[in-house]
Amino acid sequence: MDYLAHNIAVNLNRCRKSHGWSLDVTSEQTGVSKSMLAQIERGAANPSIGTLGKIASGLRISFDQLISPPPMDTILVDVEQTAPIKSEPGSYRVWNCFPYEDNQIIEIYRIDLAPGGVYHSGSHGERTREYISVTSGEVSVSIEAKEYRIKESCCFRFESDCPHDYCGCSDGTSSMLVFFVSY
């Protein structure tokens, strides 16, 4: 099944069930046969644009809601079981927990810094804000020649439209979650 057929199958099933409708009721509301709806939900049919329009109208959703990637209800990321996307032995490791492509709004990273380890980050572009939550240790963030120290269990926010550096300031590994938000 291709991605578009998958999206339609999942979204049709989810929307139909959120209305509490059986296939019979959905058929009545959309004007699409029960057997065709069942085939679409299984990914076994390639419905026409007209059929998709009837389904969207009958479910009272936009056409885009029917064909877009379905929402991901739950995802568990065990960082310890994944490879870092960037690393410098004895300095830092970076994991991309939730990429920007997942939702087009936010991106979440975990960064571990060794004592004295430095991670250089470039600008993330205009209208990008960065939020940091230090989960262990202490981290120094340098932005345009100004240094901010963030202790464990503290959070920090800044406009990330310029280069900046993170430095581990603890005797052990410092860890933080970094959230990039486009606005």
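Rule-based calculations on the coordinates, nothing more; no lab input. Computed from a prediction, not measured in an experiment: that's the story for all the values here. Methodologically, a virtual Cβ is constructed for each residue, glycine included, from the backbone with ideal geometry; neighbour enumeration extends over all protein chains shown.
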Report the FRET efficiency, 1/(1 + (r/R0)^6), for residue 87 and residue 49, where r is their Cβ-Cβ distance and R0 is 41 Å, rounded to 0.05.
-> 0.30
Gyration tensor (alpha-carbon) shape descriptor, region 79-182, a/c threshold 1.5 | oblate
Relative contact order for region 79-182, counting Cα pairs under 8 Å that sit 6 or more residues apart, in percent | 32
Quick one: what are the phi-derived ³J(HN,Hα) couplings along region 162-176, Karplus 6.51/-1.76/1.60 with θ = phi - 60°, whole Hz, x for glycine and proline?
-> 8, x, 8, 10, 10, 9, x, 10, 10, 6, x, 5, 9, 10, 8
When 146, 54, 34 are arranged by how many other beta-carbons sit within 10 Å of their Cβ, fewest first, they go 146, 34, 54
Return one number: the angle in degrees, 0 to 90 and rounded to the nearest 10, between the long axis of the Cα atoms of helix 3-19 and the longest principal axis of the Cα atoms of the chain.
-> 80
With a ≥ b ≥ c the root eigenvalues of the C-alpha gyration tensor of the chain, is it rounded (a/c under 1.5), prolate (a/b larger than b/c) or oblate?
-> prolate
Helix 49-59: inclination vs the chain longest Cα principal axis, degrees, rounded to 10, gives 80
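Do the sum for the chain: with -39,500 (n - 2.57) for every DSSP H run of n ≥ 4, divided by all residues, what is the mean residue ellipticity at 222 nm, to the nearest 500 deg cm²/dmol? Could the numbers behind the result be given before it?
On the way: 5 runs with 50 residues, N = 183.
Helix-only estimate at 222 nm: -8000 deg cm²/dmol.
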Just how many pairs of Lys in the chain have C-alpha atoms closer than 29 Å, counting pairs that are eight or more places apart or on different chains?
-> 5
With a point put 7 Å past each Cα toward its Cβ, work out how far residue 146 is from residue 63 in nm, to one decimal.
-> 4.9
Mean separation of Cα contacts under 8 Å (at least 6 apart) over the residue count of the chain, i.e. the relative contact order in percent, is 18
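Fewest Cβ neighbours within 10 Å first, please rank 142, 175, 62 accordingly. All intermediate terms of the calculation are to be shown ahead of the outcome.
Values: 142 15, 175 20, 62 11.
The most exposed by this proxy come first: 62, 142, 175.
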